[in-house]
Amino acid sequence: AKTLMKSTRVVFTMIFGILVTKKRYGAADFGTVGLMVAGLGIFMHADAKTSAVFQPLGIIMLTISLLCDGAISNLSEALMNQYDVGQDEFIF
């Protein structure tokens with residue numbers, strides 16, 4: 001379940017990009033993410049019926065981690081664009 005939830009990283013990155021950095025996405029992007037979320041939801045629903053134990057604290061911590069990941073991705077891109085820096089220069 002943890003791996004499936006980590007796969008929703010793109011959703012958090014898109015949400016953060018729309019709300020904070022005012023990024024625009026096309027209909028194809030939204031459609032792709034919607035289909036991906038639907039598929040992951042089906043897998044998570046099937047996984048919930050097994051003997052796996054879902055701890056609410058673990059889900060909260062994973063969600064916070066994904067939110068931070070979305071923030072870092074978008075802020076890094078914004079800084080690279082603002083200062084005209086490539087990925088290699090940004091890392092060092």
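In the chain, the DSSP-assigned H stretches of four residues or longer account for a calculated mean residue ellipticity at 222 nm of -24500 deg cm²/dmol, using -39500 (n - 2.57) per stretch and the full residue count as denominator. Based on the convex hull around the alpha carbon atoms, the chain presents an average projected area of 7.4 nm².
May I ask you to give the solvent-accessible area per residue for the chain, in square angstrom, as obtained with a 1.4 angstrom probe? Let's see the in-between values first.
Details: 6840 Å² over 92 residues.
For the chain, the per-residue accessible area is 74 Å².
Computed from point charges on the beta carbon alone (+1 for Lys and Arg, -1 for Asp and Glu), the dipole magnitude for the chain about its Cα centre is near 420 Debye.
Sorting 4, 66, 75 by accessible area puts them as 75, 4, 66; the probe is 1.4 Å, largest comes first, and only protein heavy atoms count.
The values are calculated or read from the model by the stated rules, or taken from the named source; none is laboratory data. Please read all numbers here as calculations on a predicted model, not as lab measurements. Because the Cβ atoms are built from the backbone with ideal geometry, glycine has one as well, and the counts that use them run over all protein chains shown. Side chains are part of the model used for accessible areas, which takes the heavy atoms of the whole protein and leaves out ligands, DNA and RNA. Shrake-Rupley method; radii C 1.70, N 1.55, O 1.52, S 1.80 Å.
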